[in-house]
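A.B. asks: Below is the structure I would like to discuss, written out as structure tokens.
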Amino acid sequence: MNGKDIEVSDDALESVSKDKSLGGKLAGLSLPRQVLALALWPFLQNLMSVGVGFADMVIAGRMESGSAGEAVMDMMGAGMYLMWLLMILQSAMGTGAMALVSRCTGARDMKSANLALGQSLLLGLVTGVVSGIIIWLIVPYMGRFFGLSNLAQEYVTDYMRLGALLAPFSGVMFVASSCLRAYGDTMKPFMAMLLVNLVNIVASFYFVYVLGWGVKGLAAGTVVGWAIGAAVILWFLLPGSSFRKKKAAEGLSESLQLSMVNLRYDIPMLRRIWRVSWPSMIEIMGMWSVHAVGIYFIGTMKAGTMGAHAMVVRLESVSFMPGFAIGMAASTLTGQYLGAKDPEMAKKAVRYCWLIGVISMGGAGVLISVFNTEFLSLFGNPNSAQFQMAAPVIRFVGLLQVLTATMMVMKMSMRGAGDTRTVTIYSFTSMGVIRIGVLWSFMYYGDLDLLGVWQVMTLDVLLQGVIFVWLHYRGDWLKREV
């Protein structure tokens, strides 16, 4: 294919100029219904993902007792960050794919959207393999970097070296789900992740308690779940799938679907996806590195602090369920309205999502803050020292989730516009100054505990929220070309 094949066609531009309504699954819906259509299934998907995280923590918390049990929980804390590292390249490719597919769908140019789908899947698969190899090689060194005990290092090495096998499958899942959401179809990614999570829970329980595989059983269950999910979501995208019986939305020549033709590498489209993806990759890698510094500091504290931190992260993720879902809606609507040449509706959509995100995420935060003891009891004995360390942090963090909601929605909407470079620059600046500079100063000159570390990190969230609200109202993101 040549360069002309990837540009929005003249017919599509003419159609959009006459009718600025959205394409894909969002055609003909009002703004509130668009947000509901985009956010409902991701919310349920996040609910399932949080449930799986809780299930893993529950299984892990009852796997061993005493110092061994403490080591398992520390392993879960380090494992969360290593799993995040495993998926950085893949999620960046998903960001680029989402920006391209949403623009093309908004412009009613499904030929380019389907090409972007195929090329993004190639990138997702390749980056998945690469990230899996990297994790397999570095995990023993990361256990020492995080300050884990010898037993916890052994656990995390066993867990992550087996868990690294999921990387190709998660690469496909990330990209395919992002493309479907950009098209406006959020139900199929939910159904695929529902299957991933159900298989994960059942398989992990079987491997751990029936076969006696220990921490390797947790990892094996996760790998099996992601493999099945990747196969299912590819099946959803095939033209002959029974899930594709509905006709494409009015005004589109075809729906979003996978074909072998679009899996042949196309340099111009790959370059477009990469141009949007690489700043996001740098941002997420920087975020992980900054968080890793925080984990390093936590690792220097007394034994069990890493496990307490893992509990806080898991409970905070309860408030992320509505926030991330609304952020995904803001991202898709931004890309589609800009593709439809309607910047005013793009701004209106983001501000509407911001309001809904603050209300829903703030409410969820209050919930985990007030009922922190009840939530912690799910992971084991809430009277242990490790659990008592986590309780005040949960109370503090939960009450400030409105700040996280603001940061999340504004950043995700700018990524949907393709303005990933700006997001990267400002995120790096804030995190570098506060999460490295300020945190290091307090750790070196003061005597921070786990609550103090989280208070410093919350200061970064506040600063980023202010920055991205200012960038939103400045409006340069409306002019970004992808």
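A.B. asks: Restricting to the stretch 411-448, what's the tally of residues that are of a type outside the set (Val, Ile, Thr) and farther than 18 Å from Glu481 by Cα?
C.D. replies: Of the residues in the stretch 411-448, 18 are of a type outside the set (Val, Ile, Thr) and farther than 18 Å from Glu481 by Cα.
A.B. asks: Only residues in the stretch 131-146 that are under 17 Å from Met281 (Cα atoms) count as the first member; pair them with residues that are of a type in the set (S, T, N, Q), Cβ under 8 angstrom, at least 6 apart or cross-chain, and list the lot.
C.D. replies: Here the result reads Ser131/Gln90, each pair linking the stretch 131-146 to a residue that is of a type in the set (S, T, N, Q).
A.B. asks: Here is a follow-up. Provide a single number: the residues in the stretch 378-391 that are without any contact (Cβ under 8 Å) to a residue 60 or more places away in the chain, part of a helix (DSSP H, G or I) and surrounded by 15 or more Cβ atoms within 10 Å (Cβ to Cβ).
C.D. replies: Residues that pass the stated criteria total 1.
A.B. asks: Out of all the residues in the stretch 400-415, is one or more over 21 Å from Trp288 (Cα atoms), outside any helix (DSSP H, G or I) and touching a helix residue (DSSP H, G or I) at 6+ places or on another chain (Cβ under 8 Å)?
C.D. replies: Yes - at least one qualifying residue is present in the stretch 400-415.
A.B. asks: Could you please find all residues in the stretch 97-116 being closer than 16 Å to Ile233 by Cα and over 19 Å from the mean Cα position of the chain (by Cα)?
C.D. replies: Correct list: Asn114 only.
A.B. asks: Would you please list the contacts, defined by Cβ atoms under 7 Å and residues six or more apart or on different chains, that run from a residue in the stretch 153-164 that is acidic (Asp, Glu) to a residue that is in a helix (DSSP H, G or I) and surrounded by fewer than 24 Cβ atoms within 10 Å (Cβ to Cβ)?
C.D. replies: Listed by first residue and then by second, the contacts come to Asp158/Lys216.
A.B. asks: Now for a separate question. Which one of Trp477, Trp440 is surrounded by 22 or more Cβ atoms within 10 Å (Cβ to Cβ), at negative phi, touching a residue at least 24 places away in the same chain (Cβ under 8 Å) and part of a helix (DSSP H, G or I)?
C.D. replies: Unique residue meeting the criteria: Trp477.
A.B. asks: Surrounded by 16 or more Cβ atoms within 10 Å (Cβ to Cβ), of a type outside the set (A, V, I, L, M) and either touching a His at 6+ places or on another chain (Cβ under 9 Å) or on the phi > 0 side of the Ramachandran plot (or both) - does that describe any residue in the stretch 410-418?
C.D. replies: So far as the stretch 410-418 goes, yes, one or more of its residues are surrounded by 16 or more Cβ atoms within 10 Å (Cβ to Cβ), of a type outside the set (A, V, I, L, M) and either touching a His at 6+ places or on another chain (Cβ under 9 Å) or on the phi > 0 side of the Ramachandran plot (or both).
A.B. asks: Also, I was wondering about something else. Mind listing just one residue for me: the one in the stretch 9-52 that is hydroxyl-bearing (Ser, Thr, Tyr) and in a helix (DSSP H, G or I) and, of those, modelled with the lowest pLDDT?
C.D. replies: Ser17
A.B. asks: From Val172, Val156, Val139, grab the single residue that is at pLDDT 90 or above, in contact with a helix residue (DSSP H, G or I) (Cβ under 7 Å, 6 or more places away or on another chain) and not small (Gly, Ala, Ser).
C.D. replies: None of the others qualify; the one that does is Val172.
A.B. asks: Counting only residues that are in contact with a Gly (Cβ under 8 Å, 6 or more places away or on another chain) and outside any helix (DSSP H, G or I), how many does the stretch 331-377 have?
C.D. replies: Count: 1.
A.B. asks: Listed residues Asp460, Asp447; which is without any contact (Cβ under 8 Å) to a residue 12 or more places away in the chain and either touching a Leu at 6+ places or on another chain (Cβ under 6 Å) or charged (D, E, K, R) (or both)?
C.D. replies: Asp447
A.B. asks: Consider only pairs whose beta carbons are under 7 Å apart and that are at least six residues apart or on different chains; among these, list those whose first residue lies in the stretch 20-31 and is of a type in the set (D, E, K, R) and whose second residue is at pLDDT 70 or above and assigned to a helix (DSSP H, G or I).
C.D. replies: Filtered contacts from the stretch 20-31: Lys25/Ala37; Lys25/Tyr183.
A.B. asks: Moving on. Please go through the stretch 270-285 and pick out each residue that is modelled with pLDDT of 85 or more, surrounded by 15 or more Cβ atoms within 10 Å (Cβ to Cβ) and either more than 18 Å from Gln90 (Cβ to Cβ) or of a type in the set (D, E, K, R) (or both).
C.D. replies: The answer is Arg272, and nothing else.
A.B. asks: Next question. Under 8 Å by Cβ, and 6 or more places apart or on different chains, what pairs join a residue from the stretch 205-233 that is outside any helix (DSSP H, G or I) with one that is aliphatic (A, V, I, L, M)?
C.D. replies: From residues that are outside any helix (DSSP H, G or I), the pairs are Trp213/Ala220; Gly214/Met63; Gly214/Val208.
A.B. asks: Turning to a different aspect of this structure: List pairs: first in the stretch 392-408 and in contact (Cβ under 8 Å) with a residue 60 or more places away in the chain and more than 22 Å from Leu450 (Cβ to Cβ), second surrounded by 18 or more Cβ atoms within 10 Å (Cβ to Cβ) and of a type outside the set (A, V, I, L, M, F, W, C), Cβ under 6 Å, 6+ apart or cross-chain?
C.D. replies: Once the first residue is in contact (Cβ under 8 Å) with a residue 60 or more places away in the chain and more than 22 Å from Leu450 (Cβ to Cβ) and sits in the stretch 392-408, its partners that are surrounded by 18 or more Cβ atoms within 10 Å (Cβ to Cβ) and of a type outside the set (A, V, I, L, M, F, W, C) give Ala405/Gly323; Ala405/Gly357; Thr406/Gly465; Met408/Gly323; Met408/Gly327.
A.B. asks: Conditions first: (1) assigned to a helix (DSSP H, G or I); (2) small (Gly, Ala, Ser); (3) modelled with pLDDT of 80 or more. Ser289 passes all but one, so which condition is the exception?
C.D. replies: Among (1) assigned to a helix (DSSP H, G or I); (2) small (Gly, Ala, Ser); (3) modelled with pLDDT of 80 or more, the lone unmet condition for Ser289 is (3).
A.B. asks: It is to be established whether one or more residues within the stretch 325-337 are in contact (Cβ under 8 Å) with a residue 60 or more places away in the chain and surrounded by fewer than 23 Cβ atoms within 10 Å (Cβ to Cβ).
C.D. replies: At the first step, the residues of the stretch 325-337 found to be in contact (Cβ under 8 Å) with a residue 60 or more places away in the chain are 325-337.
Checking which are surrounded by fewer than 23 Cβ atoms within 10 Å (Cβ to Cβ) leaves us with none.
For the stretch 325-337, residues in contact (Cβ under 8 Å) with a residue 60 or more places away in the chain and surrounded by fewer than 23 Cβ atoms within 10 Å (Cβ to Cβ): absent.
A.B. asks: So, one more: Given the condition more than 22 Å from the chain's Cα centre (by Cα), of a type outside the set (Lys, Arg), under 20 Å from Val397 (Cα atoms) and crowded, with 17+ Cβ neighbours inside 10 Å, answer yes or no: does some residue in the stretch 462-470 qualify?
C.D. replies: The answer is no; no qualifying residue exists.
The values are calculated or read from the model by the stated rules, or taken from the named source; none is laboratory data. What you are looking at is a predicted structure, and each value in this text was computed from that prediction instead of being measured. As a convention, Cβ positions derive from the backbone with ideal geometry for all residues, glycine included, and neighbour counts pool all protein chains shown.
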